[in-house]
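First the structure, in the form of structure tokens, and then the observations on it.
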Amino acid sequence: MARSNSGPIVAGITAAALAVVVFLAYQASATAPDDLSTARRDSSHSADRRDSDDDSDKQEKHPLPAASGGGVRVVYALDERRVWLVGEDDEVTRTFPVTPSTVSPEPGQYAVTSRSARIAGSDGVPVEHVVRFTTVEGVVVGFSAAMNGRMPDPGAERKTGGIREKRADGKAMWSFATIGTKIVVVD
């Protein structure tokens, strides 16, 4: 009976196939959006452009409010439901829409008072990248991103202070708005 030496060949092919699968899984996870509930509309966009609203076209459509102060700051426009992250020399580094909480802060200047990486939001939804800056009517107000990507119900009767943003925007806010960072709220 002839004995086959195919064992090392099969093992080599299996190892190569496994390496390809691991590589493809890594590529898929590296390019997958944080929020899978929204279908990708244009496959020609890069991951950065798909996740953010900070390109020059968006900044031209949504210019920084004139009466928003100066210096490094986060600007939150209540009427526009929009945030701007403003760096040195009044340069907007990112702008994005938000869903307001049921309790809104008065226009004025605040500062980041506390942060949490992950918690349950005041509406019970797990949130991440929480950046708090004031309290209104006993309710803590701050920016956060729902881990399930859902936005809050604007008609909710329960008082909540979570100003919700997309997960990618929440990551940007988290990196930008450390303790003490100025928050400017405008109408």
On the full set of protein chains, 1.4 Å probe, figure out the accessible area of ARG81 and give it in Å² to the nearest 10.
120 Å²
Per residue and in cubic angstrom, what volume does the convex hull of the Cα atoms of the stretch 117-187 have?
102 Å³
Note, ³J(HN,Hα) from phi for the stretch 69-76, Karplus 6.51, -1.76, 1.60, rounded to Hz, x at Gly and Pro:
x, x, x, 5, 6, 10, 10, 10
Sorted from largest down, give the three principal axis spans of the alpha carbons of the stretch 57-103, whole angstrom values.
33, 23, 15
How big is the stretch 57-164 in terms of Cα radius of gyration and Dmax, in angstroms?
13.9, 41
From the protein chains alone at 1.4 Å, what is the descending order of accessible area for ARG73, ARG94, ARG118, largest first?
ARG118, ARG94, ARG73
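The values are calculated or read from the model by the stated rules, or taken from the named source; none is laboratory data. Being a predicted model, the structure only gives us computed values, none of them experimental. Heavy atoms of the whole protein, side chains included, go into the accessibility calculation; ligands, DNA and RNA do not. Shrake-Rupley method; radii C 1.70, N 1.55, O 1.52, S 1.80 Å.
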